Amino acid sequence: MALFMGRRLVGELPVFDFLIILALGSLVGADIAEPDINHWYVAFAIVVVGILQRIVAGLTLQSQRFKKLITFAPVIVIKDGVFLEKNLRKINYSLENILEFLRGEGIFNISDVDIAIIEANGRLSVYKKPQKNPATLQELGVAPLGAGIAHPVIIEGKIIRQTLNDLHLTEEWLAAQLNARGIPTAQAIFFSSVDGNNQIHISPYNRS
């Protein structure tokens, strides 16, 4: 059931370790709630659970097939600056979840991302495009020229009018930008953002 409910449920822990903690908590809780239970039985059960965890950990290291049965596989959610919305829906993550993770990594423009992966523990791993890496630019002695924060203007086909107003842009301007790229309507866009230089980034639906 934990595997079915998804990696967001377990947070930082591998699925099996999460279940082991629940089992240990239940055992200790039962011992506290029911004083009449023989403490040796509870202690024996705790030892068995501990041994089971070590056995499963060893099998996980030895067999990739077994590992796939009890844990999540990494899932690519951004590739070359484009959201893979099919993969997002597959793991029940929303755009807001990924954007929050990116901000936590100091990334405010999705076009800077070469690849982003949701790991088995639910965290996001990000590899930025080499030309967007400030360290590389510093090594070359070139000051990075940033365009500022990229603001979402379309999320899942819906135009964020408040963002356009804040950027002093109009829906007509946005429509012109889409038409210039052969996109008829905002409904065809999964995610789009505009940076401080009014450069638009578009991540279309890719359901096929």
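The values are calculated or read from the model by the stated rules, or taken from the named source; none is laboratory data. Not measured: the values here are computed from a predicted model. Backbone-built Cβ (ideal geometry, glycine too); neighbour counts: all protein chains shown. Note: areas computed on protein heavy atoms with side chains; ligands, DNA, RNA excluded. Shrake-Rupley method; radii C 1.70, N 1.55, O 1.52, S 1.80 Å.
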Taking the mean number of other Cβ atoms within 10 Å as a proxy for protection, how do you rank 176-185, 155-164 from highest to lowest? 155-164, 176-185
Computing the accessible area with a 1.4 Å probe over protein heavy atoms, can you report the carbon and sulfur percentage for region 16-92? 67
Ranked packing of 112-121, 27-36, most packed first, by mean Cβ within 10 Å: 112-121, 27-36
